[in-house]
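One structure below.
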Amino acid sequence: MKALVYGTEKEIPDDVFSEWVSRPDTAVISIDMHEGHLSTDPMCPCPAPRGREIIEPVNAFHRAARALGVPVIHVRSVLRATGEDDLKGAHPAAWRTLFPLTVGEIPGIDQHAIQGTRWNDFSTEVLDTDLIVETKRRLSPFYPTDLDFLLRSMGVKRVVLNGGMTDCCVLNATFDASNIGYRVCVAADLVRGTNEEMEQAALKIISLHTGLVMQSEDILRVWDATA
């Protein structure tokens with residue numbers, strides 16, 4: 001099987017790594033593919049425009065996963081409209097202060113992930129048979145959410161990640177998932193970062209420390225072989 005190891009595609013031993021992405025006991029986790037990041041509206045509260053190019057490829061991958069019996073879990077950030085989770089709480093999210101230092105002023109930033117707003121609408125397809133985790137308050141889809149509880153209730157041992165942002169929420173997800181015992185794989189062609197440099201750096205870190213980095217077609221090839 002093939003994986004990206006520190007940015008270079010290599011053949012890796014099947015007898016060691018096939019169990020990391022084998023189809024049984026695996027779930028797909030799609031991170032923050034919602035309008036708060038992907039809208040083209042100038043008031044988009046936390047724009048991640050590079051993520052728009054993977055919307056349809058992510059949809060296609062999810063369709064293939066469902067056809068093979070692999071569950072799809074969509075995780076999105078949702079903050080209480082009353083503000084205690086963030087801006088009006090004791091510990092506002094650090095990214096709100098740090099990110100504008102690089103990208104400049106973000107006009108709609110105060111509306112990011114606010115419960116009940118259009119910014120929480122998914123940009124990708126979500127079926128009634130899919131699962132949703134929407135208690136993500138910070139960068140990791142595992143904290144302070146019920147994602148780990150859900151995965152363990154489902155008997156999941158392996159996770160395949162897509163979505164955004166590679167150098168932020170995806171990277172955080174791989175560390176948390178690996179640290180609590182899941183085998184991790186990131187679909188390299190189905191994630192997007194702040195920019196290409198940061199994206200590639202994050203994927204290199206993942207390949208060194210937390211999980212496999214593979215192209216989605218190679219993941220599907222492994223799943224097909226065990227279908």
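The values are calculated or read from the model by the stated rules, or taken from the named source; none is laboratory data. If you're wondering where the values come from, they're calculated on a predicted model, not measured in any experiment. Glycine gets a Cβ as well: all are built from the backbone with ideal geometry, and neighbour counts include every protein chain shown. In case anyone asks, the SASA skips ligands and DNA or RNA and just uses the protein heavy atoms, side chains included. Shrake-Rupley method; radii C 1.70, N 1.55, O 1.52, S 1.80 Å.
Strictly over 28 Å apart at the Cα level, which of Lys136/Lys204; Lys136/Lys157; Lys88/Lys204; Lys2/Lys136 would you flag in this model?
Violating the 28 Å Cα-Cα cut-off are Lys88/Lys204; Lys2/Lys136.
Please give the calculated 222 nm ellipticity per residue for the chain, where each DSSP H segment of at least 4 residues contributes -39500 (n - 2.57) and the sum is spread over every residue; nearest 500 deg cm²/dmol?
Helices in the chain give a 222 nm mean residue ellipticity of -9500 deg cm²/dmol.
Test of understanding: given the chain, find the longest segment containing no trypsin sites (Lys or Arg not before Pro) that are in a DSSP loop and have at most 15 other Cβ atoms within 10 Å.
Looking at the chain, 89-227 is the longest stretch - no exposed trypsin sites (Lys or Arg not before Pro) with at most 15 other Cβ atoms within 10 Å.
Check which residues have an amide H placed less than 5 Å from His34's amide H, if you skip close sequence neighbours.
It is Ser123, by chain and number.
Can you send over the carbon and sulfur percentage of the accessible area for the chain, probe radius 1.4 Å, protein chains only?
53 percent
Match the structure shown to one of the listed values [x] 40, 22, 15; [y] 22, 21, 19; [z] 29, 19, 16 of semi-axes √(5λ) of the Cα gyration tensor in Å, computed from it, and give that label.
Checking each listed value against the structure points to [z].
For Val5, enumerate residues with amide H under 5 Å from its amide H, sequence gap 5+ or separate chain, H modeled in the peptide plane.
Lys10
Convert each backbone phi in segment 130-136 into a coupling constant with the Karplus relation 6.51 cos²θ - 1.76 cosθ + 1.60 (shift: θ = phi - 60°), then list the ³J(HN,Hα) values in order as whole Hz, x for Gly and Pro.
6, 10, 10, 10, 10, 10, 6
Quick one: P(r) of segment 117-227 from all Cα-Cα pairs, 10 Å bins, percents rounded to integers, in order of increasing distance.
That works out to 13, 43, 38, 6, 0, in percent per bin.
Considering amide H positions built from the backbone, and no H for Pro or chain starts, which residues 5 or more places from Ala48, or on another chain, come under 5 Å of its amide H?
Here the answer is Leu38, since their amide H atoms fall under 5 Å of that of Ala48.
Quick one: 3J(HN,Hα) in Hz for segment 182-190, Karplus 6.51/-1.76/1.60 with θ = phi - 60°, rounded, Gly and Pro as x.
8, 7, 10, 9, 10, 7, 4, 7, 10
I need to check one value: relative contact order of the chain, counting alpha carbon pairs closer than 8 Å and at least 6 residues apart, in percent.
This gives 29 percent for the chain.
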